[in-house]
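Since the structure comes first, as structure tokens, the remarks are kept for the end.
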């Protein structure tokens, strides 16, 4: 199975993403929930190529609930980004915010209204695109509606030089035709139960998409900035910042007090994997959970690995 990656890479064509592309070896994409905007710092912004604001959700009538994006949130977001070439996107949906997707996307008029409102938001706030995070479609009809929504959203945004990204779980992969309308896949290679975000899971998750025919240049490998219990299917999450505060962690540590997380050396190894496989980059959920001190920061480790000389295969 693993040898098949090299063959797939040879046969897949590169993707040109239609958006301003800041200079960087790979994309470093950080999600930021609206409730953490006040903690967002310029030191973090300088290490990102893309910032994805996690904040809005569809209503069943096709309108967009953007009530969390107050003028204060937009102002707070602008300060650390001033003068930086960081692409800004907005997520629609997400865990706990996806209930209306099935109703909206199955109806052409409601689907069109949602796309209209997302487009206006991008125009109003000069956003680089929309991240679609439906967790998760169920059954053939919902996946067909999901694909129609992506196709129509992409058709609206592409002429405006904006992109469509999609958060995809490796255990809930959409049909191949959906990826034709996605400029970049944010691959959620975490929350897999137990030791939920191992290196092997990252490798295997990428391979699933490659074997489906997704171009590597579309894939951003997801990295968690939190831990979950080593035992059980889906235990309570603990932020990496809290883990650092509670324990004297070494860069090689990935477990503490029965919690599995990604430490600095593991996240750097995943970045090196992304570079070797010629992926678009890496994606982080979410940067507000990082440790503040640079010597513990996972974001710093990611940035260093993204810009260091090529290293041997891990």
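Can you find a residue that is touching a helix residue (DSSP H, G or I) at 6+ places or on another chain (Cβ under 8 Å) and free of Cβ contacts under 8 Å to residues at least 60 places away in the same chain anywhere in the stretch 216-230? Yes, some residue in the stretch 216-230 is touching a helix residue (DSSP H, G or I) at 6+ places or on another chain (Cβ under 8 Å) and free of Cβ contacts under 8 Å to residues at least 60 places away in the same chain.
Checking residue 84 against (1) farther than 14 Å from residue 53 by Cα; (2) crowded, with 18+ Cβ neighbours inside 10 Å, which test does it fail? Only one criterion is unmet by residue 84, namely (2).
Only residues that are in contact (Cβ under 8 Å) with a residue 40 or more places away in the chain and in contact with a strand residue (DSSP E or B) (Cβ under 7 Å, 6 or more places away or on another chain) were counted in the stretch 237-253, giving 3. Filtering 141, 178, 145, 166 for residues that are within 21 Å of residue 86 (Cβ to Cβ) and modelled with pLDDT of 95 or more leaves a single hit, 166. Is it fair to say residue 127 is in a loop (DSSP other than H, G, I, E, B), within 18 Å of residue 164 (Cβ to Cβ) and modelled with pLDDT of 95 or more? Spelling it out, residue 127 is indeed in a loop (DSSP other than H, G, I, E, B), within 18 Å of residue 164 (Cβ to Cβ) and modelled with pLDDT of 95 or more.
Scanning the stretch 70-96 for residues that are closer than 27 Å to residue 168 by Cβ, touching a residue at least 40 places away in the same chain (Cβ under 8 Å) and over 16 Å from the mean Cα position of the chain (by Cα) gives 77, 85.
Residues of the stretch 117-144 that are within 11 Å of residue 157 (Cα to Cα) and touching a residue at least 12 places away in the same chain (Cβ under 8 Å): 118, 119, 122, 123, 127, 128, 129, 130.
For the structure I just gave you, tell me whether residue 186 is assigned to a helix (DSSP H, G or I), touching a residue at least 12 places away in the same chain (Cβ under 8 Å), buried (at least 16 other Cβ atoms within 10 Å of the Cβ) and touching a strand residue (DSSP E or B) at 6+ places or on another chain (Cβ under 8 Å). Criteria not met by residue 186. Exactly one residue out of 151, 195 is surrounded by fewer than 23 Cβ atoms within 10 Å (Cβ to Cβ) and assigned to a loop (DSSP other than H, G, I, E, B), and it is 195.
Quick one: how many residues across the stretch 256-284 are touching a residue at least 60 places away in the same chain (Cβ under 8 Å) and closer than 15 Å to residue 229 by Cα?
Residues flagged as touching a residue at least 60 places away in the same chain (Cβ under 8 Å) and closer than 15 Å to residue 229 by Cα within the stretch 256-284 amount to 3.
Here residue 158 passes the criteria (1) over 18 Å from the mean Cα position of the chain (by Cα); (2) buried (at least 17 other Cβ atoms within 10 Å of the Cβ) except the one numbered (2).
Yes or no: residue 48 within 13 Å of the chain's Cα centre (by Cα), in contact (Cβ under 8 Å) with a residue 60 or more places away in the chain, in a loop (DSSP other than H, G, I, E, B) and surrounded by 13 or more Cβ atoms within 10 Å (Cβ to Cβ)?
yes
Looking across the stretch 89-118, the residues that are surrounded by fewer than 17 Cβ atoms within 10 Å (Cβ to Cβ) and not in a loop (DSSP other than H, G, I, E, B) come down to 103, 108, 109, 112, 116.
Based on what the data block shows, is residue 132 outside any helix (DSSP H, G or I), within 21 Å of residue 114 (Cα to Cα) and touching a strand residue (DSSP E or B) at 6+ places or on another chain (Cβ under 9 Å)?
For residue 132, the condition - outside any helix (DSSP H, G or I), within 21 Å of residue 114 (Cα to Cα) and touching a strand residue (DSSP E or B) at 6+ places or on another chain (Cβ under 9 Å) - is met.
The values are calculated or read from the model by the stated rules, or taken from the named source; none is laboratory data. All of these numbers come straight from a predicted model, not from anything done at the bench. Note: ideal-geometry Cβ built from the backbone for every residue, glycine included; neighbour counts use all protein chains shown.
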